[in-house]
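The values are calculated or read from the model by the stated rules, or taken from the named source; none is laboratory data. Here the structure is a predicted model, which is why all the values come from computation and not from measurement. Cβ sites come from the backbone with ideal geometry, for glycine too, and all protein chains shown count toward neighbours. Areas reflect the complete protein model, heavy atoms only, side chains present, ligands, DNA and RNA absent. Shrake-Rupley method; radii C 1.70, N 1.55, O 1.52, S 1.80 Å.
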Amino acid sequence: MSILADLAPRPGRLRDAVSIGGLCTAIVVVSMTLRIPEAGLAAYLVFFAYRPDANGTIGVSVVFIFVAIFVVGVSIPMLGLVIDNPPARMVVVACITFVGMWLASATPLGPLASTLAFLLTFLLILPDVVDLPIPNLVELLTRSIAWVGPIVIIAMITIGLLAYLFGRNSIGVVEDRMAERLAAVDDRLAGRIDAAAFAEIVTAAPVKVEDLEKFAKLSTSKADWNRLMALDRESLELMLAVAALDEAGADPQTRAALQGQLADVQSMAHASMTMPTGSGPLVAATAEDVAACIRRVGGILNGEQLPEKPATAKEGGGFRALLMEPRHWQFATKVTLAVMVCIFMFTGLDWVSIHTCMITCYYVSEATLGESVHKMTLRMTGCLIGAAIAALSLIYLIPLMNDVGQLAMLVFVVASIGGWIGVGSERIAYAGFQIVLAFFLVVLEAFGAFGLNFGPSYDFEPATGRILGILFGSLACAFAFVLLWPLPMRVDVADGIARTYRAVAAGLRQQPATARAEVVAGLGRARELQDYTLFERAVELDSITPEWCAATDEAFRTLAVASVLERRRARRGETDVAGVDALAGAFDQDADYFAQGTLAPRREAMIAEADDLPPADSRDGALVKHLQEIAGCRTVPSQAASLQPALSS
């Protein structure tokens, strides 16, 4: 997909961009009015706290406030013990960074753990950054609270208050996501989008709802929440059913008949499909399943009794397994090394303004090499673009400004542009964040730091140092991730495929499986990583070959067709279908291959022809046969396509 496509308008994108611009502007105005230092960093926190829904934004803002209080409360006594012992202070910094980044990699804490590690580290090296004499612990506490309090707490209060007054209801945002799914189904049945584009929409669908679910239930009743989650599950099943219809090669007449069932809620609630005589069993099976899924979605929208939630199985081997997994401690080691190199560099050179190199290490580091290089590229590109916009503003616009209102207009325009990019796809989003950050560091840095010299300044040195620090930090991370245990993206692609086949096998056996949304999200990540192959090749690593791209597509096709068979059997309450047990065992073997990091081999026929089965079972048999045919289309893995024996070493 091209950059122009990533920048194209979509429903709600302008609203999100303007909201981000407005929040940044409000924080700048508050900071300037109250003479709070570091207005740029305070405004940049919007990109961490903003969510499409008001509940999410308020929830994240509250979390940030408690994190700020916790960090100050923990770091001050810790710093009091090591403030006069720089070597001990560096040891504490290294330990905090390692633990925080291990938690970020191994647990659901993710960005929260890395942010905690960064804040604790930053406050521990504050004496080196501020470069002011600190005679006692009381003064240190006062200065730290004066720094963290206004920047984080007041910024979060401003964001939360504006979200409460003007933000969108969480339920409405989730419902919009469900409407987008139904619109995609309608577009595919009408032929307005092709099968490949629809498959990409399906695999991206769970991620768009995942973050919203965390806070949406805070503003709705349990009954409404359960109905919304049922709609989430059933709309995803409908999308998979339509993908299976594509796999069956349904004719335009069948598609048109199914599209007509989406006309309104009443039509959906009574959807049915009568196949004409002579229709193939595979097309008939998938078309009937699409109609049944439409009927279930329509029933939910029509207020009927909710379908039963399917039993799911949880993945994971517990905390002991996390400790034994080498990729987590390897990731933490690489980030810790990059952070310490940056600290030694800016303290050794006595160049405090490039301390942003240390901050950069916490936020450009990703699990795989390709993702890290991609994020580093976005950060450096966005940084240079933002710095150029800021420099032109300081030369041509700032001298013409007479009050904070004019500055606020400039901030709003640039923040909205960055917000437009930032709410786009992951391929470009981080560049938007960095454009705004670099702009804030240059322009708003000129209006005072730590409460001094509020008003325009044209000294480029501090801002230039911060920009160079971002570039240095990106390079430090790049070297660490290339030289130490480079983790190819193929590892996560193989993991997503393996999870899919495990879930398919469990579903065929009618056993609890991983939640469908988690499985589809895993395939979505595998597809997303394929977009970053260029960044791996830049460091002479080509882990995702065309065979792996084909394997990802094959896993999605298998999941779509298998989900049809699973739903048909559940509706009829049947347990025995010819060939299912053998096929489930084969998919378990496939999962083992992919879990080892190798492509699964070609398979031979295992079941009878669908025409030889009884009429009641011929459609199920056609589904089973087609699943086997998909598996038989695999390419035999070549030596070049095989992973290294140690995937995470």
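Set side by side, the residues 18, 30, 63 differ, and just one is closer than 16 Å to residue 163 by Cβ, free of Cβ contacts under 8 Å to residues at least 60 places away in the same chain, among the aliphatic types (A, V, I, L, M) and surrounded by fewer than 21 Cβ atoms within 10 Å (Cβ to Cβ), which is 63. Residue count for the range 50-59 under the criterion of being buried (at least 22 other Cβ atoms within 10 Å of the Cβ) and either among the aliphatic types (A, V, I, L, M) or part of a helix (DSSP H, G or I) (or both): the result is 5. Would it be correct to say that residue 589 is at pLDDT 80 or above and within 30 Å of residue 491 (Cβ to Cβ)? So residue 589 fits the description; yes. The condition of being in a helix (DSSP H, G or I), touching a Leu at 6+ places or on another chain (Cβ under 9 Å), closer than 21 Å to residue 45 by Cβ and modelled with pLDDT under 85 does not hold for residue 171.
Tell me yes or no: at least one residue of the range 239-260 is among the charged types (D, E, K, R), within 23 Å of residue 174 (Cβ to Cβ) and touching a helix residue (DSSP H, G or I) at 6+ places or on another chain (Cβ under 7 Å). Looking through the range 239-260, none of the residues is among the charged types (D, E, K, R), within 23 Å of residue 174 (Cβ to Cβ) and touching a helix residue (DSSP H, G or I) at 6+ places or on another chain (Cβ under 7 Å). For the range 520-531, filtered to residues that are in a helix (DSSP H, G or I) and out of contact with any Ser or Thr (no Cβ under 8 Å at 6 or more places or on another chain), the residue that is surrounded by the most Cβ atoms within 10 Å (Cβ to Cβ) is 528. In a residue-by-residue description of the range 362-373, the property of being farther than 26 Å from residue 328 by Cα, aromatic (Phe, Trp, Tyr) and in a helix (DSSP H, G or I) applies to no position. Looking across the range 488-518, the residues that are touching a strand residue (DSSP E or B) at 6+ places or on another chain (Cβ under 6 Å) and aliphatic (A, V, I, L, M) come down to 503, 506, 515.
For every residue, the table says whether it meets (1) in contact with a helix residue (DSSP H, G or I) (Cβ under 8 Å, 6 or more places away or on another chain); (2) modelled with pLDDT of 85 or more; (3) aliphatic (A, V, I, L, M).
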residue: 510; (1), (2), (3): yes, no, no
residue: 513; (1), (2), (3): yes, no, yes
residue: 522; (1), (2), (3): yes, yes, no
residue: 525; (1), (2), (3): yes, yes, no
residue: 548; (1), (2), (3): yes, yes, no
residue: 552; (1), (2), (3): yes, yes, no
residue: 559; (1), (2), (3): yes, yes, yes
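Within the range 532-546, none of the residues are assigned to a helix (DSSP H, G or I), at pLDDT 85 or above and among the β-branched types (Val, Ile, Thr). Close contacts from the range 560-578, counting a first residue that is of a type outside the set (Gly, Ala, Ser) and a second that is part of a loop (DSSP other than H, G, I, E, B) and modelled with pLDDT under 90, with Cβ to Cβ under 8 Å and a gap of 6+ residues or different chains, come to 565/577; 566/510; 569/510; 569/575; 569/577; 575/510. Does the range 458-471 contain any residue that is modelled with pLDDT of 85 or more and open to solvent by 50 Å² or more (accessible area, probe 1.4 Å)? The answer is yes; a qualifying residue exists. Of all residues in the range 356-383 being more than 30 Å from residue 544 (Cα to Cα) and surrounded by fewer than 24 Cβ atoms within 10 Å (Cβ to Cβ), which is nearest to the chain's Cα centre (by Cα)? Within the range 356-383, the match that is nearest to the chain's Cα centre (by Cα) is 359.
Restricting to the range 395-434, what's the tally of residues that are in contact (Cβ under 8 Å) with a residue 12 or more places away in the chain, more than 26 Å from the chain's Cα centre (by Cα) and assigned to a loop (DSSP other than H, G, I, E, B)? Residues flagged as in contact (Cβ under 8 Å) with a residue 12 or more places away in the chain, more than 26 Å from the chain's Cα centre (by Cα) and assigned to a loop (DSSP other than H, G, I, E, B) within the range 395-434 amount to 2. Entry remark, the range 184-196: residues being more than 18 Å from residue 235 (Cβ to Cβ) and in a helix (DSSP H, G or I) number 2 in total.
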